[in-house]
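Since the structure comes first, as structure tokens, the remarks are kept for the end.
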Amino acid sequence: MSAMQLKLGVPAGSLQDATAELFRKAGYKLTFTNRSYYPTIDDPDIHCTLIRAQEMARYVQDGSLDCGLTGYDWIIENDAQVTELAELVFSKVSRKPVRWVLAVPNDSPIHEPKDLQGKRIATEVVNITQKWLASHGVTANVEFSWGATEVKPPKLADAIVEVTETGSSLRANNLRIVCDLLQSTTRFIANPAAAADSWKRRKMDDLILMLRGAMAAEGKVGLMMNVRKTDLPAILALLPALQTPTIASLSDPNWVDVNTILEENTVRRLLPDLKRAGACGLVEYPLNKIIE
């Protein structure tokens, strides 16, 4: 075991599997075992603790953890004094931010914030909701919801503030979105004292570099091919304009090797065109990380 260790908080729940997959692509083997709140990682300098994202910022703030991954929403909800080192846009469904929205039954008379005056609102983000209501000059009864928030209107609440990525769960429960309160993405946060420690900060920065590299490679592949020099202008014209292929000489002075990075969903369209334009020996290969 290393003499120095970085205490890393890993989010439990909906982000757990997505986090493990991101770490795998970044080159770390993060393993969860049944009934243990201490995942193993193949880096002796890191000690992991599995913590709900809702609580992560509090434990990082008080120094129980040096750093961790949690949502921007939970930093705001807990009014946590932490250092944000990176934004990592990933979730259980997509790479888009999640939204905290105000939702009501389809037939509700509530259509704008002022209609909430005196109403009952169920939510897990009580502080965020109360601050939002205050910014609109509205007073309402905001109640903490322990879960299954979508089923509470109209009998147990007039409205809810709930997180959504696609809105499908709200629609399935006959709810419509009135407005958005907050957008949130995953953040890599650190305890201020840990962030000021040179060894811990370097360890965190290295980890973030690898995670960002894995995210940058998402949906991309490498493509290499051999091209006659006379065909090179036509080949380059087919490749995406924003890419700068690497062109290397081959033993045959009439040929070059072209290597580039492409969006994976464009390759099936490009390969036949490149072949017709004279490229040969086309090889598509996966990417784990792209580090600028």
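We did not get these values from a lab; they are worked out from the coordinates using the rules stated. Computed from a prediction, not measured in an experiment: that's the story for all the values here. Virtual Cβ from ideal backbone geometry, glycine too; neighbours counted across all protein chains shown.
For segment 98-183, what does the relative contact order come out to in percent, with C-alpha contacts under 8 Å and a separation of six or more?
Details: 159 pairs, mean separation 43.4, N = 86.
The value is 50 percent.
At a 10 Å Cβ-Cβ cut-off, how would you order F144, F23, fewest neighbours first?
Arranged by neighbour count, lowest to highest, F144, F23 become F144, F23.
Using the Karplus equation 6.51 cos²θ - 1.76 cosθ + 1.60 (θ = phi - 60°), what ³J(HN,Hα) coupling, rounded to whole Hz, does each residue of segment 7-23 give in order, writing x for Gly and Pro?
Going residue by residue, I get 8, 10, x, 9, x, 7, x, 5, 8, 4, 5, 5, 5, 4, 5, 5, 5 Hz, with x marking Gly and Pro.
Given +1 on the Cβ of Lys and Arg, -1 on the Cβ of Asp and Glu, and no further charges, what dipole in debye does segment 20-120 carry about its Cα centre, rounded to the nearest 20?
Using Cβ point charges on Lys, Arg, Asp and Glu, segment 20-120 gives about 460 debye.
5 Å is the cut-off here: which amide hydrogens, built 1.01 Å from N in the peptide plane, fall below it relative to L30, excluding neighbours closer than 5 in sequence?
R24
Give me the base-10 log of I(q)/I(0) for the chain at each q in 0.07, 0.13 Å⁻¹, Debye formula, one uniform scatterer per Cα, rounded to two decimals.
With no solvent term, the Cα-only Debye profile gives -0.40, -0.95.
Report, for segment 98-183, the % of DSSP beta bridges that are antiparallel, rounded to 5.
That works out to approximately 65 percent antiparallel.
Using the count of nearby Cβ atoms within 10 Å as a rough guide to exposure, how do K275, K131 rank from fewest to most?
Taking fewest neighbouring Cβ atoms as first place, the list is K275, K131.
In a Gaussian network model over the chain where Cα atoms closer than 10 Å are linked, find which of A214, A57, A157 has the largest mean-square fluctuation.
Maximum among the listed residues: A157.
Test of understanding: in a Gaussian network model of the chain with alpha carbons linked when under 10 Å, which of K119, K29, K220 would top the mean-square fluctuation ranking?
The residue with the greatest mean-square fluctuation here is K119.
With springs connecting C-alpha atoms under 10 Å apart, model the chain as a Gaussian network and identify which of R171, R201, R276 has the largest mean-square fluctuation.
With Cα springs under 10 Å in the chain, the top fluctuation among R171, R201, R276 is at R276.
When W199, W146, W255 are ordered from fewest to most other Cβ atoms inside 10 Å of their Cβ, what list results?
The most exposed by this proxy come first: W146, W199, W255.
Calculate, in nm to one decimal, what A234 and S36 gain on full extension: separation in residues at 0.36 nm each, minus their alpha carbon distance. Don't jump to the answer; show the numbers that get you there.
On the way: separation 198, 0.36 × 198 = 71.28 nm, distance 5.74 nm.
Separation in residues times 0.36 nm, less the Cα-Cα distance, equals 65.5 nm.
What list of ³J(HN,Hα) values in whole Hz, one per residue of segment 187-201 in order, does the Karplus curve 6.51 cos²θ - 1.76 cosθ + 1.60 (θ = phi - 60°) give from phi, with Gly and Pro shown as x?
Those phi angles translate into 10, 8, 10, 9, 5, x, 5, 5, 5, 8, 7, 4, 5, 5, 5 Hz.
Which value results for Rg/Rh of segment 58-134 when Rg is the Cα radius of gyration and Rh the Kirkwood radius based on the inverse mean 1/r?
Checking Rg against Rh, the ratio lands at 1.06.
In square nanometres, what is the average projected area of the Cα convex hull of segment 98-183?
Convex hull of Cα atoms, orientation-averaged projection: 4.8 nm².
Let me check against my output: what whole-number percent is the relative contact order of the chain, with C-alpha pairs under 8 Å and at least 6 apart?
Averaging sequence separation for qualifying contacts and normalising by length gives 19 percent for the chain.
Please compute the length gained on full extension between V151 and D107, using 0.36 nm multiplied by the number of residues separating them and subtracting their Cα-Cα distance.
Working: separation 44, 0.36 × 44 = 15.84 nm, distance 1.49 nm.
Full extension from V151 to D107 adds 14.4 nm.
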